[in-house]
Amino acid sequence: MFLRKKSLLLTCFTLVLAMILVACGGGETESNVNGDLGQDQNDGNVDGAEGEATGSDEVYDWNFITEEYEGQVQYEYAAKFAEILKEKSDGRINIEVHEYGVMSEDSQVTLLQSGGVEFAIISPGFTGTMVREGQLFALHFLFTDDMELNQQILNTSEALNVHLTEKYESFNITPLAYWTEGAMQWTGNSELRTPEDFQGFKMRTQSSPLILRSYEAYGASPTEMSWGELYTSLQLGVVEGQENPIFFIEDAKFHEVQDYMTISEHNIYVAMTTVNTQFFNGLPTDIQDMILETVEEMRPVAYEMQERMNNELLDAIINNDTHPTEVIELTPEEREAFRELAIPVRDFFIEDVGEDAEKILNLLIEEIEAAQN
Ligand code: 6CS
């Protein structure tokens with residue numbers, strides 16, 4: 001179920017074509033999914049334009065891939081981003097937004113990195129074997145319980161916006177913004193209230209190794225998997241539970257094949273608005289400025305969007321009589337039992353990833369503490 005056929009074949013065709021073109025072009029970032037590999041007028045890297053304001057009538061056709069479907073937060077973000085840029089550029093910037101559904105999230109990272117598409121929304125949970133420092137988002141109980149404050153920290157953190165961004169840029173990916181899709185909750189085919197409930201529990205996670213490690217700390221038996229396989233895997237019992245923000249649990253219908261949802265808020269879901277670094281650096285400065293302005297304008301839009309969807313779809317889960325879900329609220333003591341097991345994973349992260357990871361994490365922790373005072 002749940003594979004939206006709409007535009008799937010077309011998208012599949014264009015993205016696969018893009019990968020072939022990138023492979024043929026030796027990974028240059030001048031390609032786009034329309035196959036414009038040369039220095040033509042649709043090309044983001046026009047000769048002589050790099051780093052200069054052109055004031056020209058150049059027309060740009062770009063592609064923006066997301067990990068979600070239309071109606072879900074990432075897709076709606078990208079659609080609004082495209083709309084704002086089109087308006088700002090008087091119609092010169094045309095961005096085609098793509099739903100998830102063609103390739104795994106890991107492959108989407110590779111596609112952006114190689115320049116097959118210009119923009120992507122990427123979850124750091126799918127970049128952990130590449131940008132190992134980015135795994136810090138997998139650490140449970142790192143951020144605060146105040147989502148608005150968390151978003152402010154994501155917006156302003158030097159640890160993230162300078163130091164972690166540099167790490168991504170060394171892989172040709174520039175995160176333009178880190179933003180939240182909401183607090184993470186657990187769903188299960190059995191109650192998840194105590195660490196004992198996780199003993200041997202088959203938990204689905206994204207691919208970053210530290211996410212798996214975080215669940216091993218609770219005694220679980222985690223398995224990484226693309227979310228496209230998740231509904232069926234939960235239905236068949238291949239995995240027994242998963243984590244996600246509420247809007248996504250409802251919209252992807254995971255609650256139909258899960259009996260319990262725990263309001264655990266053990267982490268926040270972070271997404272990154274990203275652009276291919278080489279492509280972005282090659283754009284005229286006036287175009288770069290329009291993009292950066294749009295990223296700023298999108299910050300409150302994204303926050304409000306996820307907040308509204310998470311609230312509305314919690315009600316939808318609670319009021320769903322066809323597929324009833326027991327919603328479990330953890331007491332502060334119950335949450336504390338998980339927190340105690342989660343904190344030592346920070347040491348593992350530092351030992352495993354190294355000195356830069358330690359510096360970035362320690363600075364972020366300082367920033368989080370300062371934001372709370
Ligand atoms: O669980 C996942 O993997 C998916 N969750 C969200 C909220 N967005 C896309 C991602 O791939």
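Annotations
- Residue within segment 283-301 that is outside any helix (DSSP H, G or I), touching a residue at least 40 places away in the same chain (Cβ under 8 Å) and either more than 24 Å from Val73 (Cβ to Cβ) or among the small types (Gly, Ala, Ser) (or both) present: yes
- Just one of the listed residues (Met290, Met272, Met298) is buried (at least 21 other Cβ atoms within 10 Å of the Cβ) and either under 30 Å from Gln152 (Cβ atoms) or among the charged types (D, E, K, R) (or both), and it is Met272.
- Taking every residue in segment 137-162 that is within 13 Å of Tyr178 (Cβ to Cβ) and pairing it with any residue that is at pLDDT below 95 and not hydrophobic (A, V, I, L, M, F, W, C), at least 6 positions away or on another chain, yields no pair with a Cβ-Cβ distance below 6 Å.
- Taken across segment 66-74, residues that are acidic (Asp, Glu), in a helix (DSSP H, G or I) and buried (at least 18 other Cβ atoms within 10 Å of the Cβ) do not occur at all.
- Count of segment 246-263 residues which are farther than 14 Å from Asp321 by Cα, of a type outside the set (Phe, Trp, Tyr) and buried (at least 22 other Cβ atoms within 10 Å of the Cβ): 4
- Taking first residues from segment 104-121 that are over 21 Å from Asn281 (Cα atoms) and within 16 Å of the ligand (Cβ to nearest atom) and partners that are assigned to a helix (DSSP H, G or I) and not basic (Lys, Arg), the Cβ contacts under 7 Å between residues at least 6 apart in sequence or on separate chains come to Glu105/Phe126; Asp106/Phe126.
The rows are residues; the columns are (1) outside any helix (DSSP H, G or I); (2) closer than 30 Å to Ile343 by Cβ.
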{"residue": "Ala79", "(1), (2)": "no, no"}
{"residue": "Asn94", "(1), (2)": "yes, no"}
{"residue": "Gln108", "(1), (2)": "no, no"}
{"residue": "Leu112", "(1), (2)": "no, no"}
{"residue": "Gly116", "(1), (2)": "yes, no"}
{"residue": "Met130", "(1), (2)": "yes, yes"}
{"residue": "Gly134", "(1), (2)": "no, yes"}
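- Among residues of segment 213-237 being surrounded by 15 or more Cβ atoms within 10 Å (Cβ to Cβ) and part of a loop (DSSP other than H, G, I, E, B), the one that is farthest from the ligand (Cβ to nearest atom) is Ala217.
- Unique residue being under 13 Å from the mean Cα position of the chain (by Cα) and surrounded by fewer than 21 Cβ atoms within 10 Å (Cβ to Cβ) when the list is Asp106, Asp90, Asp61: Asp106
The values are calculated or read from the model by the stated rules, or taken from the named source; none is laboratory data. Just so it is clear, the model here is predicted, and its values are computed rather than measured. Positions of Cβ are generated from backbone atoms using ideal geometry, with glycine treated the same way; all protein chains shown enter the neighbour counts.
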